[in-house]
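This report concerns only the one structure given below.
Every number here is computed from the coordinates shown, using simple stated rules; none is lab data. None of these values were measured; they are calculated from a predicted model. Here the Cβ positions follow ideal geometry from the backbone for every residue, glycine too, while neighbour counts run over all protein chains shown.
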Amino acid sequence: MSTDSKEKVKIIIDGKEVLAPKGENLLKVLLENKAAVPHYCYHPGLSIAGACRMCFVEVEGQPRPLISCNATVSEGMAVKTTTEKVKEIQKWNLAFHLINHPLDCPICDQAGECGLQNYYMKHGKYNSDMQENKVLKRKVISIGDHIMLDTERCILCSRCVRFFDEVPKTSEMAIFNRGDRSEIGTFQDKALNNNYTLNSVDICPVGALTSKDFRFKKRVWFLKDVDSVCPGCSTGCNVTVSFDPIEKRTYRMRPRLNEEVNSYWMCDYGRLRYKQTEPENRILAPLKKVKGNLLPIDWKNAHTEWKEILKESSELAVLVTPQYTSEELEAVYHFFTQTVKTQAIFHTIEAQKLSDAVIDELLLRQDKNPNSQGLLSIAKKYNLENQDLFYFEQQLKTKSWKTLVVFAPQDPQSIPNFLSWLEKGQNISKKILIGTHISHATPFFDLILPTLTFVEKNGTFVNFKNMEQKINAATRSVEEAKPIAEVLCL
Ligand code: SF4
Ligand code: SF4
Ligand code: FES
């Protein structure tokens, strides 16, 4: 049952009356009502552990303070989150968490978004009573393709253990030993190699689990965030894209809550799709083939070439891929049918083979395109939905097209056989690629016009469930790349 449909009861939080779903987790309700209750082990997407003992509150009628993550809401409950008793518990608990914590903050990637740092500023004891030396533990351990572990920094909240038990259900992690020798690790030092490992970095409240991809690259306070959607497959996981506005570079992508699509999680494959936006593999300027070599030209010349090609093009075909936004695809279909007056617009979706199947039992889908449904509905509007790749290949055998315009996949991995289809059209005299990446297919083209990746534009992707979801521009990493409308001179 969704929380909205649950019976509501009145409770009092720090003297203020609020309505909350009956039986709802008390800490969740407190946090939703802006009560700043410190917590480490509680995560709304995981089971309750009651391990960190930070979320104590006082509830009227109860003989002693209780952990709010393990309590549920009932009618008339009066909760106090800032009493002297509560503050005293928080202070000593935090001191306990820090007994063996190393002084790594200046070199720790979690700095700026660390639960220990943040709570210490507010609830810290400041003067240490410790006379013993800290217990030293293992540091800088690679525990998988994407994750580094520092066991000294771990506060044993067990979020990562519960995550791997409950979400991908791979159960690689556990807490070993007892007392102050307790240590987080993987079973028999096995590598974390499932497709969801980087979620553990997001949920680790300290710097014990860090991402190999992100660590030491950028201090988080230099980054800005925008809401977007992962382009990695037709699931369309909701994400936050983090970028450096001065450097104009994207640094990471993290999942954003959407209960209907991806909950709190995303897969590692999708998370690392942001790397496709880096300038290193991008088409940095328009390119024209001169004596067999692709040479950079400016946009003025590129547009002159483009207009000449369109003028001569009585026999022109277009191939589009479902890696573009619905707005871009609408512009493409409209331009070529209405202005260029061709119906030879083909798409790369094989409708009979299009599958909603999840290939890793969680989120990642077989269809590695973010907008297959958007493309199909636009093609249908123009009565061109049946002109798929199979039909295109048939037509290549009989038609004598002079020009082929290809809207290339933004992610070359998504359509692995891309080049082999193109090779069947060797007789076509002018081949134009509109796209983002240098790939094995690039030398096949005579004119190449660079356009924007998913972090550089606004628009809509329609996921496998036919849900329209918005992507938002973060930063423009390649100055010379242009929006589709400008590429086409609309
Ligand atoms: S590694 Fe992080 S998430 Fe895992 S138990 Fe330690 S602090 Fe918690
Ligand atoms: S499941 Fe698909 S949409 Fe979600 S993160 Fe992975 S690749 Fe991206
Ligand atoms: S959040 Fe309640 S005990 Fe950790």
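Among R476, R273, which comes first, then next, by fewest other beta-carbon atoms within 10 Å? Working shown, then result.
Details: R476 16, R273 25.
The most exposed by this proxy come first: R476, R273.
Just to verify a number: FRET efficiency for A111 and Q343, C-beta to C-beta distance, R0 = 51 Å, to 0.05?
Values: r = 58 Å, r/R0 = 1.14.
Computed FRET efficiency for A111 and Q343 comes out at 0.30.
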### Message
Compute the helix-to-body angle for 389-398: its Cα long axis versus the longest principal axis of the chain, expressed 0 to 90° and rounded to tens.
### Response
10 degrees
### Query
Which part of the stretch 33-49 falls in the paramagnetic zone of S182, meaning amide N under 18 Å from the point 7 Å along Cα-to-beta-carbon?
39-43, 47-49
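With an 8 Å Cα cut-off and a minimum separation of 6 or more residues, compute the relative contact order for the stretch 280-487 in percent.
It rounds to 27 percent for the stretch 280-487.
Based on the mean of other beta carbon atoms within 10 Å per residue, what is the order of 122-133, 31-42, most packed first?
On the way: 122-133: 10.2, 31-42: 18.5.
Listed from highest to lowest mean packing, they are 31-42, 122-133.
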### Message
What's the ranking of 339-348, 180-189 by average number of surrounding C-beta atoms within 10 Å, highest first?
### Response
339-348, 180-189
### Task
Determine the relative contact order of the chain: mean sequence separation of Cα pairs under 8 Å and six or more apart, normalised by residue count, in whole percent.
12 percent
### Task
Using only Cα atoms, tell me the angle between helix 372-381 and the longest principal axis of the chain; keep it within 0 to 90° and round to the nearest 10.
40 degrees
### Message
What does the C-alpha gyration tensor say about the overall shape of the chain? Classify as rounded when a/c is under 1.5, otherwise prolate if a/b is larger than b/c, or oblate.
### Response
prolate
### Task
Starting from the Cα of K381, draw a straight line to each of the lysines and keep only those under 23 Å, dropping any in the same chain fewer than 8 residues away.
K341, K353, K465, K470
### Dipole axis of the chain (+1 Lys, Arg; -1 Asp, Glu on Cβ), positive-most option in Q387, T453, F335
T453
### Query
Hey, how many Å between the Cα centroid of the stretch 192-270 and the Cα centroid of the stretch 120-158?
23 Å
### Beta bridges by DSSP in the chain, antiparallel share as percent, to the nearest 5
70 percent
#### Entry: Cα-Cα separations in the stretch 280-487 greater than 31 Å, expressed as whole percent
14 percent
### Query
Roughly how tilted is helix 84-98, in degrees to the nearest 10 and between 0 and 90, from the longest Cα axis of the chain?
70 degrees
### Query
Based on the mean of other beta carbon atoms within 10 Å per residue, what is the order of 212-218, 168-174, 452-458, most packed first?
452-458, 168-174, 212-218
### Task
Counting only C-alpha contacts under 8 Å and six or more residues apart, can you give the relative contact order of the stretch 3-96 as a whole percent?
33 percent
